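Take a look at the structure set out below.
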Amino acid sequence: MGTVLAFPAPARRAPYRPPPGIRARGTWTICPWSEEVSDYDKRHISTYAWLLHDESEGATEEELARTIFGLDPGHAYARGVVRSHLRRAHWVADTLFPLLDW
């Protein structure tokens, strides 16, 4: 049997800060929806990747709100932001990854 290499996940600073220019007026908004990959999706692909990764590691919505979006998880608005982006992240992964043969 060959050797299996395991790579640890990189340490991440909390809260996660997305690249400049992807926040609307300094705050996150509810993720827009369309049946096509949008410019918004392209700008947020790294955010989607972090959401899917952290969700697979067992992160709660509250943890995602705090660490990825920097939002107070106690507000209903923060839950809406997390849920809409998580839903979109799953849609992008389910739609694009099969096309890429991943």
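Could you list, in sequence order, all residues of the stretch 35-53 that are open to solvent by less than 40 Å² (accessible area, probe 1.4 Å) and over 8 Å from the mean Cα position of the chain (by Cα)?
Matches in the stretch 35-53: S38, Y40, D41.
Among all residue pairs at least 6 apart or on different chains, which show Cβ distances below 6 Å where the first residue, located in the stretch 61-79, is over 16 Å from T47 (Cβ atoms) and the second is open to solvent by 60 Å² or more (accessible area, probe 1.4 Å) and not hydrophobic (A, V, I, L, M, F, W, C)?
Pairs that qualify, where the first residue is over 16 Å from T47 (Cβ atoms) and the partner is open to solvent by 60 Å² or more (accessible area, probe 1.4 Å) and not hydrophobic (A, V, I, L, M, F, W, C), are P73/E62; P73/R66.
Only residues that are assigned to a loop (DSSP other than H, G, I, E, B) and of a type in the set (S, T, N, Q): list them for the stretch 42-79, please.
T60
Being of a type in the set (A, V, I, L, M), surrounded by 10 or more Cβ atoms within 10 Å (Cβ to Cβ), modelled with pLDDT under 90 and not in a loop (DSSP other than H, G, I, E, B) is the requirement here; does L96 meet it?
For L96, the condition - of a type in the set (A, V, I, L, M), surrounded by 10 or more Cβ atoms within 10 Å (Cβ to Cβ), modelled with pLDDT under 90 and not in a loop (DSSP other than H, G, I, E, B) - is met.
Going residue by residue through the stretch 48-59, is there one that turns out to be of a type in the set (S, T, N, Q) and at pLDDT below 90?
Within the stretch 48-59, none of the residues are of a type in the set (S, T, N, Q) and at pLDDT below 90.
Taking only the stretch 80-93 into account, find how many residues are without any contact (Cβ under 8 Å) to a residue 12 or more places away in the chain and either open to solvent by 80 Å² or more (accessible area, probe 1.4 Å) or β-branched (V, I, T) (or both).
Of the residues in the stretch 80-93, 0 are without any contact (Cβ under 8 Å) to a residue 12 or more places away in the chain and either open to solvent by 80 Å² or more (accessible area, probe 1.4 Å) or β-branched (V, I, T) (or both).
Among the residues of the stretch 56-75 satisfying the criterion of being within 19 Å of W33 (Cβ to Cβ) and out of contact with any Asp or Glu (no Cβ under 8 Å at 6 or more places or on another chain), which is surrounded by the fewest Cβ atoms within 10 Å (Cβ to Cβ)?
Among those that are within 19 Å of W33 (Cβ to Cβ) and out of contact with any Asp or Glu (no Cβ under 8 Å at 6 or more places or on another chain), it is E61.
The values are calculated or read from the model by the stated rules, or taken from the named source; none is laboratory data. The shown structure was predicted, so the numbers you read here are calculated from the model rather than taken from an experiment. Methodologically, a virtual Cβ is constructed for each residue, glycine included, from the backbone with ideal geometry; neighbour enumeration extends over all protein chains shown. Accessible surface areas use protein heavy atoms only, side chains included; no ligands, DNA or RNA. Shrake-Rupley method; radii C 1.70, N 1.55, O 1.52, S 1.80 Å.
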